[in-house]
Amino acid sequence: MSSAHLSFAPLHQAQAFLEQNPDIELFELFILDSNGVPRGKLLHRDELLALYESGRPLPSTILGLTINGDDVENSGLVWDVGDIDCRAYPISGSLQRMPWRLIPTAAVQVSMHPQEGMPATIADPRYLLSQVIDALQADGYYPVMAAELEFYLLDAQRDSQGRPQPARDADGGRPGATQVYGLRELEQIEPFLADLYSACKSQGIPARTAISEYAPGQVEITLQHRTDALQAMDEAVRYKRLVKGVAHKHGMQACFMAKPFAELAGSGMHMHVSLADSEGHNLFASEAADGTPLLRHAVGGMLDTLLDSLLMFCPNANSYRRFQSNSYAPLAATWGVDNRTVSLRVPGGPAFSRHIEHRICGADANPYLAAAAILAGIHRGIREQCDPGAPVAGNGYAQASELLPTDWLTTLRTLEASTWARQAFGDEFLRVYLAVKRAEYRQFMGEVGEQDWRWYIHQA
């Protein structure tokens, strides 16, 4: 149950894989940047063992890029360090076949080494999460986590206006109505689901319940919780790649944008979290519906740090279009018991399963950074014994007194000014992350899009 940031994959995993997969000649080496975008290179079969033995050099800039892949010169990872090579090593369990590829190919995820990967290590989202986990474990708390991700299945072909549209069902029709928890809707995408579950099983990813969500073409699949929070997020990352790859194989596009359609529900990433002791006992377990005092301190800490860390939960301009009343999306810093109108929900169920469901993240969030912010907030709540106040009963939307910011710039500035975030994540990480987000903000606001024409071409 210890943090695995120093425990890279052993050589025998690669040797066994090569023996069992003689047909695979190509390997995708990838690392996840701050935006959750996989970046890397294609390796030949002959290069795999060397990767496991001594790592692989990657340029420092790879972890300081915008979502569009542009260098951010003031990140400190470009000219300041001569775009130095930094060494990355493979993550245990990540070497897997890519079943959707026509040419037999496998993928292996890497992470920066704490020493050999400098200076890029400080910008590695996975490394940041491992540090937050280490801090919790040093105080005797072992986080247990799971992710559930919503996404849209879109047609590879755009509509007559060039816009995305829901993918066709197996019967050739196109979903046009919301059927929450509809079973026919799941039946219509059965070929996709069958391949996805099969791929998840082959990769050891614990995909569980599938749900037709709150819009046509929207799907949610939950992942089983893991007693190792780092492993849980590793699996969320690989799962997201699987969904996209299998969808592509079926002539569809899996879309994890937070709000791809103005008139339809947004897509979130709900994070489930509890704390265990060193023996694996749930420290939130309680017959009381609102859990133990420790659970309430954890909730209090998450509420107190919510605004400071919102940019890590909702990292893009589009993320904030999701915050709308009566949409099952969060609107305020609220918590409640078995209540889906609040941001932090304590689900019902037996005492041993008591945990917190964090409902704020968009599906576009980087799982590592989101988990790091959640756990750092929990740690503060425990240390300072934060009081969350009384849980919300009834309609949390109607009772919200102070709404979450609905714009990107506000949350960027809030994180920038946060003393707590600098203590929790370090100046070096924030320097890179904020530089990337500022560059993206300037670029996004500098573009003239369809909305500008619609609003201003005649009226201004």
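Read-outs: derived from the displayed coordinates by stated rules, not from any lab. Given the structure is predicted, the values throughout are model-derived calculations rather than measurements. Here the Cβ positions follow ideal geometry from the backbone for every residue, glycine too, while neighbour counts run over all protein chains shown.
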Quick one: which of 445-454, 355-364 comes out on top by average Cβ neighbours within 10 Å, and what's the full order, highest first?
-> 355-364, 445-454
Each residue of the range 275-280 in order: what ³J(HN,Hα) in whole Hz does its phi give by Karplus 6.51 cos²θ - 1.76 cosθ + 1.60, θ = phi - 60°, with x for Gly and Pro?
-> 10, 10, 8, 5, 8, x
Of the lysine pairs in the chain, how many meet both conditions: Cα atoms under 21 Å apart, and a spacing of 8 or more in sequence or different chains?
-> 9
Given the candidates Leu193, Gln443, Pro293, the one whose Cα lies deepest towards the positive end of the charge dipole of the range 134-446, counting +1 at each Lys or Arg C-beta and -1 at each Asp or Glu C-beta, is Gln443
Modelled label-to-label distance, Ala417 and Ser401, 7 Å Cα→beta-carbon offset: nm?
-> 2.1 nm
What dipole magnitude, in Debye to the nearest 20, does the chain give about its Cα centre under +1 on Lys/Arg Cβ and -1 on Asp/Glu Cβ?
-> 580 debye
Pick out, from Leu43, Ile31, Trp100, the residue whose Cα sits farthest towards the positive end of the charge dipole of the range 11-117, with +1 on the Cβ of Lys and Arg and -1 on the Cβ of Asp and Glu.
-> Trp100
Long-range HN-HN contacts of Asp338 with modeled amide H, under 5 Å = Val346, Gly348
Considering only the other residues whose Cβ falls under 14 Å of the Cβ of Ala390, what net charge follows from Lys and Arg at +1 and Asp and Glu at -1?
-> -1
What number, rounded to the nearest 500 deg cm²/dmol, is the helix-based mean residue ellipticity at 222 nm of the chain, given -39500 (n - 2.57) per DSSP H run of at least four residues and division by all its residues?
-> -10500 deg cm²/dmol
Which cross-chain or sequence-distant (5 or more) residues have an amide H under 5 Å from the amide H of Asp290, H modelled 1.01 Å from N in plane?
-> none
Along Cα→Cβ, 7 Å out, is where each label goes; now give me the distance between the ones at Arg45 and Ala156 in nm to one decimal.
-> 2.8 nm
dims of the chain, Cα set, principal axes, largest to smallest, nearest Å -> 61, 57, 51
